[in-house]
Structure formats: structure tokens, C-alpha cells
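Accompanying notes for the structure given below.
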Amino acid sequence: MIAVQNLRVEFGPRVLFDDLSFVVQPKERISFAGHNGAGKSTLLKCIAGIISPNSGKIAKPKHYEIGYLPQEGIHIKGISLFDETMKAFSGVQELQQLIDDKSEELQEVDPKTEEFMTLLEEIGDLELKLEGNDPSKIKPQVESVLKGLGFKGDDMQRDCSEFSGGWQMRIAMAKLFLQKPELLLLDEPTNHLDFETQIWMENFLRTYPGAIILISHDRALLDTLTTRTIAFSKGRAEEYSGNYSFYEKESAHRKEVLKKQRASQQKEIAKTEDFINRFRAKASKASQAQSRLKQLEKMEVIEVEDDDVYMDFRFPDPPASMHSVVKVHGASKHYGDKIIFPPFDLEFTKGEKIAIVGPNGAGKSTFCKLITDELEPSSGSIELGGKVLPSFFSQNHADELDPTKTVLETVEEVATREAAASARNILGCFLFRGDDVFKKVGILSGGERSRVALVRMLVKPANFLILDEPTNHLDMQSQDVLRNALTNYPGTIVIVSHNRDFLDPLAERTIEFQPAQKPTIYHGNLSYYLDKKEEQKTAAVAATRGAAPSGTSAPKARTGNRKEQRKREAENRRIRKEKLAPLEKQLEATEGQIAEIEAAQAKLTEHMNSPETVADGKKMQEATIAYSALAEKLENAYSDWSKITAQIETVTAELQN
């Protein structure tokens, strides 16, 4: 357990927090909510020990480990990916020494005391960690986590400096996940993750044995993972016992109740003041008037924060374009021997809303630059239709802004007359409020410059919008403003994004890019795409086990010499019998083991939630130790499952060649 006690943090005259207190229980999933600038990231840094508060303290047990993942700023070089990730297990000797020290301490403590049980539980937890650091288990764990985060087998010996900033963040994330600190602090962990990796991370965090505090503008992640929300606004914090959607509804309800209470209080104050003014001069009522005056002075007046200004932003009316917006004829892109994507054909038509998805490095941003003529294709052609006027937002455009101009000047210089008149209001929708619009671009953070670049794009007249990760630096309200504007936009839109909640209601067609492959078109939104991917995965698993998925027929035998064909079939039967069948048997046994462990966890959870166990500290400690042991077994079982599945895929590939 960790406790934040009476915390105060200030920067110059601005107070971020004052008298802030809350407790993080073991295994909790907490999200920090609030506008950008409310102090969420600062508080994470305080808890991580990176920033010292002005007053107050953060109390934690002596050997309590806290792991922190920042938004950016990770730069690793001079070491291979695998060796850097292996550093997560560098504390094995320290762990053994800690167990020895606590075991000696245990000998001096009365077994009947609560201190004895606490020490016993701590030793149990440490021994579980040590067991997880068994050298024979470390390599599969490392490979499993790195694979889950999107790294390939041939990445393992690459120098970390070869990976971009987003991939460097994944390396840092992998180390944290393998270290398994008692508390994970994650600041915008999905910013650099594609959909497949996001889903893997969510599944990993669901079964994570420690507590998690999360900052994210990904509503889908917050709703899936978190069970408590702490919302920050104007130096105050309010707690909500639910996920982000619950917080939104409950905070609106609380504000309505507070408004009613304030209105009632104001009526009571008015009555009291009227009584005082009428009877203060009367001798018979003077004492009563004086008494009510004292009551009024002691009364704590209910304050209600002003509602956030919400503007329903609309794009300038776009000029009409021809029906065909973009035609791709046999276009490809490569750099030397590295193929980004081979030749393919594609067409976008007027009014379409298209999502571009796929893993990092698959060519999504490259494709955007091709259709906006920032890059030339290596072969083929890309043609814009008649009267098509494109407008492109990329994170790189933030670096091209004039640092000597103010935010407002930067936007007004490209806006239409209609948009220029409301430029300040539009900037307010994207977190530039009040005097923020008069700041020089040169003093803005990277995220702030990206928002300025986004607003510049939004106020230009255009009938074809190309947006590359537009929500990376937007809070929830700004995302809602942008999504509503895009929903009502009559022109054509192409959006590259990994933000599921933002993208799903917008997209009508989804195009998936994969490294060195032609893009695949899915005629539906993001949910449709994810469902289809899941169906494909299920079909692939069925194929590895020798079962053809429903609705398909087995492939025809290859043509050729009948004798050679019989020889190949015999060899395939031998491989299936000697290699594949035992692996499939192992996989079935491992899946059975996973099911047994999960059933045991469910039964133990029910036991831990019973009133009898909750009331008995000793029983609760024993149950907690048992649950941790099951969690460790489950992780090892999943690691075995991953290795066996990979072996089956390899053997199946041999059979198909």
C-alpha cells in the first residue's frame, strides 16, 4: 500500500495541488483524469520520486518498488535490445539478500503477532519474484513480452539506437513489465502502440499482480482497465469509484446536485440577510438578528465551478471536388533494398471517411506523404482528382512553424475570413485559452506546437483532409470537439490513428498496412476490422491444428508427378506424427492447465471477498500469498503456451512448403 499525504506542489505563483491525500491499495487500477495542465503527469513524477513536493509526503513500505513510464524522453544506445531488456532481472542477488535479511528478522518476532504475519507475507512475495527469475524462465519471459510489444525475432540483437522514439518507449515498457514493481505508473502508454500491441498490453495489465496508476486520453483503455478515477481540477481532487465513463456521468450528476444545493443555500442566505436588515434596529429582535449574523459569517458558502466552455466547431465549407479524389496506379515505395510496400492500386472517392491502420513502420505515414505529394512513389503513380484541395496534418509540421509569431498570428495567417473571426474560440477548443493565444510559438512544448499545427490545418479551406495521429496531444474534450467536426465534415477524410474510441464512429472503410505488403481493404469501421482480424486469427489457429475453418475447403493437392506427390504426402505424415502431434498434445495439456489455474483463481477470489475472510487478517494474508502463487503459475503457463504455439506454426509452415 502507498499513501499520498497532504501533498502540496506549486510552480511559482501557481498551486497545482494543496493538501492532496489518497491511498493506493494493492492490485488497484486507478486513472488520473483532468485537462492537460491539471497536474496529472507532475503527480506521477512526485510518486515516482522524480519531483519533490513543496510539502506533504508519499509513504510506502521499505522495499516497495515503483516503476514509471514517462510520455517521452527515452534514449538508449550502445546495447542490444535483448541485453537491455534483460536488465529487468539485474536485481536477483539483491532479492536473495533481502529474503535472507527478512528471514533472520522473522526469527526475532513473536509468531502470534501481526508483524510476524506481515513479514511472512513479504518473504512469500519475494520468493515468488525470485522463482520468476529462474534463469531457465527468464529468456522465454523476455521474448514473450518483446514479441507482445511488437518486436520480431531478428530485432533481438539490434542496437537500441536503431529504434525510433516510439520503439524506445516500448523497450522501457518491456523492462517495467518484466520487473513487476508493486506499483506501475504509466503516462500515456498507448501513444506509440498500434492496435494489436494495445490489445496485448491491455490483456497483460489485466492480470498484472501489482497496482497501476494510469494517465491516458484513450477512453477505450480507461474503460476496460480502470476501476477508480481521481479527477483533478483547479488544485482539487475528487475520487470516483469507477472507470472513465462512470466518472463522466457521476461528475455531471454531482455538479447538478451541487448547483441545487447552492441555489437552496443562496435562498437561505437571502432570507437571513433580509431578517438581519429588517430587525437589527429593533430592540426586541436585535439579539436574534445578531445571532443570525454570526451564523451567516460561519456558513461555508457552496461554490460550483463554471462549466467548461464547449464549442461545436465546424470546418469552413469545402469547395466541391470531382467524384474521384485519389487514384493509386501500381504505386510502390522502397528505400534501397528496404520495401515499404510493393505496387498496389487504390481509389478514394468524394465524401469517404477512411481509417489507415497497421503496426508502426508499416508505411502509413509514408502513404500519407505520397498522396499529398511530399514524397514521390518509387514506381507507379498517384493522381489527385479534379478540383481536389488537400490539407495534411502531420506531427512533423509542428517543427515548421515560425517561432517568432504568436499562436493566434500563426493560425490567423492561414484561416479563411470566417474562421479568422472565431480563431480564438477555435484555439480554446484545443486547449489554448485566455492569454495562451499570445504566447510565442518558440516557447511552446512539442505537444502544444502540434496542437497549433492541427488548428492551422482545420481553419484552411480544403475538401480532402489527411490527418496523421491527430489526437496524440488532445484531452478528451478536444477529441470530442474534433470528432464531432469531422463527423459533420462533407469532404473526404483519411485518418491515421491508434485511438479506437476516436476512430470507430468516424471510419466507413479501414485500410490495413503491414510491412512490405500490399495494403488490405476492410469495408467497414474499426470494430468491423478488429472482428475480421479476430476471425482470421481463429482460422489460423484452427489450421495449425489440422482443422479447416467452417465455410472453407481443404486446398487441392499440388499437380505434378504422382510418385513425387505420394513421397511428399508420406513425408508430411511423418512430420505430423513425429513433430506436430506431440506439440498439439502439449498445447492441449497447457490449455487445460491454464483453465485449471484460472478456475482456481476465480474460486480463491470468491473466498477472499467473503465476509469471513475479510474480517480475518491471517486468512486474508494466506489467501493473498496463494493468489500471487497462482498468478505466477498462470504467467509461466501462458509463456509455455506462446512457445508451443510458435513451434506449431514453424512445423505447419514446413508441411505447407
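The values are calculated or read from the model by the stated rules, or taken from the named source; none is laboratory data. The model shown is predicted, which means the values in this text are computed figures rather than measured ones. Neighbour counts are summed over all protein chains in view; Cβ atoms, including those assigned to glycine, are modelled from backbone coordinates with ideal geometry.
Go through (1) surrounded by fewer than 21 Cβ atoms within 10 Å (Cβ to Cβ); (2) at pLDDT 90 or above; (3) in contact with a strand residue (DSSP E or B) (Cβ under 6 Å, 6 or more places away or on another chain) one by one and return the number of the condition GLU182 breaks.
So GLU182 meets the others, but not (3).
Select from the stretch 473-522 the residues that are among the small types (Gly, Ala, Ser) and touching a helix residue (DSSP H, G or I) at 6+ places or on another chain (Cβ under 8 Å) and write down the one among them that is surrounded by the most Cβ atoms within 10 Å (Cβ to Cβ). Before you say what the answer is, go through the steps one by one.
First, pick out the residues of the stretch 473-522 that are among the small types (Gly, Ala, Ser): 478, 485, 491, 497, 507, 516.
Retained after the next criterion (residues that are touching a helix residue (DSSP H, G or I) at 6+ places or on another chain (Cβ under 8 Å)): 478, 485, 497, 507.
Working: SER478: 22, ALA485: 17, SER497: 21, ALA507: 26.
Among them, the one singled out is ALA507.
When the residues of the stretch 62-103 are narrowed to those that are among the basic types (Lys, Arg) and part of a loop (DSSP other than H, G, I, E, B), which ends up nearest to the chain's Cα centre (by Cα)?
Result: LYS77.
Can you name every one of the strands (runs of 3 or more DSSP E) wholly within the stretch 469-527 that holds 1 or more residues which are within 19 Å of the chain's Cα centre (by Cα), assigned by TED's automatic domain parsing to the domain that holds ASP345 and closer than 20 Å to THR372 by Cβ?
Ranges flagged: 492-496.
Which one of these is modelled with pLDDT of 85 or more, in contact with a Ser or Thr (Cβ under 7 Å, 6 or more places away or on another chain) and basic (Lys, Arg): LYS387, LYS369, LYS353, LYS405? Lay out the reasoning, then the answer.
Values: LYS369 fails: in contact with a Ser or Thr (Cβ under 7 Å, 6 or more places away or on another chain); LYS353 fails: in contact with a Ser or Thr (Cβ under 7 Å, 6 or more places away or on another chain); LYS405 fails: in contact with a Ser or Thr (Cβ under 7 Å, 6 or more places away or on another chain).
Only one candidate passes the filter, namely LYS387.
Within the set of pairs 6 or more residues apart or between chains, which connect a residue that is free of Cβ contacts under 8 Å to residues at least 40 places away in the same chain inside the stretch 460-489 to a residue that is surrounded by 22 or more Cβ atoms within 10 Å (Cβ to Cβ) and part of a helix (DSSP H, G or I) with Cβ atoms less than 8 Å apart?
Within 8 Å, the pairs are ARG483/PHE502.
Residue-by-condition table, conditions (1) within 19 Å of the chain's Cα centre (by Cα); (2) assigned by TED's automatic domain parsing to the domain that holds ARG500; (3) hydrophobic (A, V, I, L, M, F, W, C):
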position	(1), (2), (3)
THR207	yes, no, no
LEU221	yes, no, yes
LEU225	yes, no, yes
LYS259	no, no, no
ALA263	no, no, yes
LYS285	no, no, no
ALA289	no, no, yes
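Tell me which residues, restricted to the stretch 1-40, are among the β-branched types (Val, Ile, Thr), under 23 Å from THR207 (Cα atoms) and surrounded by 14 or more Cβ atoms within 10 Å (Cβ to Cβ).
Of the stretch 1-40, the ones among the β-branched types (Val, Ile, Thr) are 2, 4, 9, 15, 23-24, 30.
Filter once more, keeping what is under 23 Å from THR207 (Cα atoms): 2, 23-24, 30.
Selection gives ILE2, VAL24, ILE30.
Please determine whether any residue of the stretch 195-203 is crowded, with 17+ Cβ neighbours inside 10 Å and in a loop (DSSP other than H, G, I, E, B).
No; the residues of the stretch 195-203 include none that is crowded, with 17+ Cβ neighbours inside 10 Å and in a loop (DSSP other than H, G, I, E, B).
Is there any pair linking a residue in the stretch 156-170 that is more than 13 Å from GLY73 (Cα to Cα) to one that is small (Gly, Ala, Ser), with Cβ under 6 Å and at least six apart or on different chains, and which?
That search, which allows pairs on different chains as well, returns GLN157/SER80.
Residues of the stretch 41-55 being among the hydrophobic types (A, V, I, L, M, F, W, C) and either surrounded by fewer than 18 Cβ atoms within 10 Å (Cβ to Cβ) or at pLDDT below 90 (or both), which ones?
Let us first name the residues in the stretch 41-55 that are among the hydrophobic types (A, V, I, L, M, F, W, C), namely 43-44, 46-48, 50-51.
Listed by number, the residues that qualify are ILE50, ILE51.
If the requirement is being among the hydroxyl-bearing types (Ser, Thr, Tyr), closer than 25 Å to MET1 by Cα and at pLDDT below 80, which of these qualifies: SER136, SER90, SER103?
The conditions single out SER90.
I'm told THR227 meets every condition in (1) at pLDDT 90 or above; (2) crowded, with 16+ Cβ neighbours inside 10 Å except one. Can you identify the failing condition by its number?
(2)
Has the stretch 162-175 got any residue that is of a type in the set (Ser, Thr, Tyr), outside the structural domain of VAL481 (by TED's automatic domain parsing) and surrounded by 20 or more Cβ atoms within 10 Å (Cβ to Cβ)?
No: zero hits.
Are there any pairs, at least 6 apart or on different chains, whose C-beta atoms fall under 7 Å, with the first in the stretch 517-543 and on the phi < 0 side of the Ramachandran plot and free of Cβ contacts under 8 Å to residues at least 24 places away in the same chain and the second assigned to a loop (DSSP other than H, G, I, E, B) and charged (D, E, K, R), and if so, which?
Hits for this filter: SER527/ASP504.
Given LYS87, LYS175, LYS147, which one is charged (D, E, K, R) and touching a strand residue (DSSP E or B) at 6+ places or on another chain (Cβ under 9 Å)?
Going through LYS87, LYS175, LYS147 in turn, the sole match is LYS175.
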